[in-house]
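Asks: So that we are looking at the same thing, I have put the structure below in structure tokens.
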Amino acid sequence: VFFTFSAFVVPAFDLLPPADAARAMRATNITAVRPPLMLELFGTALLAAVVSVLVLVQPSAATWWTVGATIVYVLTVVVVTGAASVPRNNALAASASDDASLARAWAAFRPGWTGWNHVRTIGSAVACVLFAIALGTVGIFNPGPHGLSEMLYAYSSGAGNNGSAFGGLTVNTRWYNT
């Protein structure tokens with residue numbers, strides 16, 4: 001969702017006259033505050049927090065990757081949404097509806113909102129990568145740098161289809177088989 005707004009939606013709005021771009025974003029903001037997006041944003045944070053608590057209770061090689069992913073997601077998505085995006089959305093919604101006021105509101109809204117949306121885009125991608133690494137560490141018996149080497153070798157070996165792997169890695173797991 002964040003990438004789509006950064007790469008396509010807001011640049012498309014920029015092709016409109018500024019007052020129309022502000023109207024389009026206002027309409028988008030009205031439709032955004034509904035269960036599908038709210039579940040995606042806050043349900044993901046809740047699920048990540050629950051998984052982090054579970055891996056802290058029973059530590060494994062995936063623990064700190066999972067906790068790190070959760071922290072990155074909460075800070076760059078949830079906190080940035082509440083502290084940077086929502087106030088800008090509210091200011092745009094509160095602006096007067098005449099063309100001149102909307103054009104000024106769009107000029108004030110656009111740069112900051114888009115910059116913070118890039119932070120949400122990158123943050124959610126980094127969190128996703130960290131969660132993927134956490135899943136990949138499930139079969140590692142040698143935590144630390146050697147375990148990371150085992151995992152990276154298994155992926156490159158699988159990509160090369162040569163069938164070899166380090167002996168300390170259990171690759172017969174749902175993650176590696178997928």
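The values are calculated or read from the model by the stated rules, or taken from the named source; none is laboratory data. Quick caveat: nothing in here was measured; it's all calculated off a predicted structure. As a convention, Cβ positions derive from the backbone with ideal geometry for all residues, glycine included, and neighbour counts pool all protein chains shown. Only protein heavy atoms, including side chains, enter the accessible area calculation; ligands, DNA and RNA are left aside. Shrake-Rupley method; radii C 1.70, N 1.55, O 1.52, S 1.80 Å.
Asks: Of everything in segment 1-30, what is open to solvent by 70 Å² or more (accessible area, probe 1.4 Å) and either within 19 Å of the chain's Cα centre (by Cα) or within 15 Å of Ser85 (Cα to Cα) (or both)? Give them in sequence order. Quick ask: steps written out before the conclusion?
Replies: Of the residues in segment 1-30, the ones open to solvent by 70 Å² or more (accessible area, probe 1.4 Å) are 1, 3, 8, 15-17, 23, 30.
Of everything in segment 1-30, those that are open to solvent by 70 Å² or more (accessible area, probe 1.4 Å) and either within 19 Å of the chain's Cα centre (by Cα) or within 15 Å of Ser85 (Cα to Cα) (or both) turn out to be Val1, Phe3, Phe8, Ile30.
Asks: Now a separate question. Checking Ala125 against (1) out of contact with any helix residue (DSSP H, G or I) (no Cβ under 7 Å at 6 or more places or on another chain); (2) buried (at least 17 other Cβ atoms within 10 Å of the Cβ); (3) closer than 30 Å to Leu16 by Cβ, which single condition isn't satisfied?
Replies: Result: Ala125 passes all but (2).
Asks: For segment 103-121: of the residues being of a type in the set (A, V, I, L, M) and within 30 Å of the chain's Cα centre (by Cα), which is nearest to Ala45 (Cα to Cα)?
Replies: Val119
Asks: If a residue has to be closer than 22 Å to Thr137 by Cβ and either in contact (Cβ under 8 Å) with a residue 40 or more places away in the chain or loosely packed, with under 11 Cβ neighbours inside 10 Å (or both) to count, how many in segment 31-49 make the cut?
Replies: Counting residues in segment 31-49 that are closer than 22 Å to Thr137 by Cβ and either in contact (Cβ under 8 Å) with a residue 40 or more places away in the chain or loosely packed, with under 11 Cβ neighbours inside 10 Å (or both) gives 1.
Asks: Scan segment 17-29 and report the pairs whose first residue is on the phi < 0 side of the Ramachandran plot and whose second residue is aliphatic (A, V, I, L, M) and open to solvent by 50 Å² or more (accessible area, probe 1.4 Å), with Cβ atoms within less than 6 Å and a gap of 6+ or a chain change.
Replies: Arg26/Ala93
Asks: In segment 55-82, which residues are over 16 Å from the mean Cα position of the chain (by Cα) and in a helix (DSSP H, G or I)?
Replies: So in segment 55-82, the residues over 16 Å from the mean Cα position of the chain (by Cα) come out as 55-64.
Val55, Leu56, Val57, Thr63, Trp64, listed by residue number.
Asks: Looking for whichever is under 20 Å from Arg23 (Cα atoms) and either modelled with pLDDT of 95 or more or open to solvent by 40 Å² or more (accessible area, probe 1.4 Å) (or both) here; the options are Arg174, Arg88. Which one fits?
Replies: Details: Arg174 fails: under 20 Å from Arg23 (Cα atoms).
Residue meeting the stated conditions: Arg88.
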